[in-house]
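Worksheet: one structure, shown below.
Here, each number is a calculation from the coordinates, and none is a lab measurement. In this text, all values refer to a predicted model and were calculated from it rather than measured experimentally. Every residue, glycine among them, receives a Cβ derived from its backbone with ideal geometry; neighbour counts consider all protein chains shown.
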Amino acid sequence: GSCWHRCCPGRNNACWAPGTRRARCYCDSYCQRTGDCCQDYHATCHRAAVGCSVGPWGPWSGCSSPCGIGSRARSRQVTVPPRHGGEPCPDLKQRRGCLGEHPTCGTAK
C-alpha cells in the first residue's frame, strides 16, 4: 500500500491504504507503535513531518458578566498546520475567570 497524500497525525483509523492480501496498512503516526504502517510510510510521511506552529496569544476579552462572576477568553492562530504526522497543535483558546465591575454594579461584589 502507498501513503502518497495520505499521511495523518496521531491515531486515525480512517487513514489507511489497501495493502497486500487485502489487509489494510496505515499511514497515521500511530502505525509506528502498532507495526502496521504501509511500506512507504517512513519515506513519504515520517521524513516530511512538519509540526504545528502557532502565533502569539491575542488580548484577553472583556469580562462576560458586567456584574459578578464571568469569564475572559483569548485565542491564537495556527501559522503552520501539522503535516505528515508532525506534532499536533497546542490549545488555541484559553479561558479564565473574572469579576465584572461595571460602574452600574454599585459596590456589591
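Between residue 21 and residue 42, how high is the FRET efficiency from 1/(1 + (r/R0)^6) when r is the Cβ-Cβ distance and R₀ = 35 Å? Nearest 0.05.
According to the calculation, E is roughly 0.95.
Give me the extension gain from residue 49 to residue 74: residue separation times 0.36 nm, minus the current Cα-Cα distance, reported in nm with one decimal.
Stretched out fully, the residue 49 to residue 74 stretch lengthens by 6.1 nm.
Mind checking the dipole of the stretch 1-48: about its Cα centre, +1 per Lys or Arg Cβ, -1 per Asp or Glu Cβ, Debye to the nearest 20? Walk me through the numbers before you get to the answer.
Values: 7 positive and 3 negative charges, 23 e Å.
About 100 debye.
Rank-order 59-67, 5-13, 24-32 by packing density, defined as the average count of other C-beta atoms within 10 Å over each peptide's residues, highest first.
Result, highest mean first: 24-32, 5-13, 59-67.
How compact is the stretch 1-48 by the rule of thumb for globular proteins, expressed as Cα Rg over 2.2 N^0.38 Å?
The stretch 1-48 yields a ratio of 0.96.
Using volume of the Cα convex hull per residue in Å³ as the read-out, say which of [x] 103; [y] 249; [z] 115 was calculated from these coordinates.
Checked against the structure: label [z].
Among 95-104, 33-42, what's the highest-first ranking by average C-beta atoms within 10 angstrom per residue?
33-42, 95-104
Using the charge dipole of the chain (Lys, Arg: +1 at Cβ; Asp, Glu: -1 at Cβ; taken about the Cα centre), state which of 50, 17, 39 has its Cα farthest towards the positive end.
Of the listed residues, the answer is 17.
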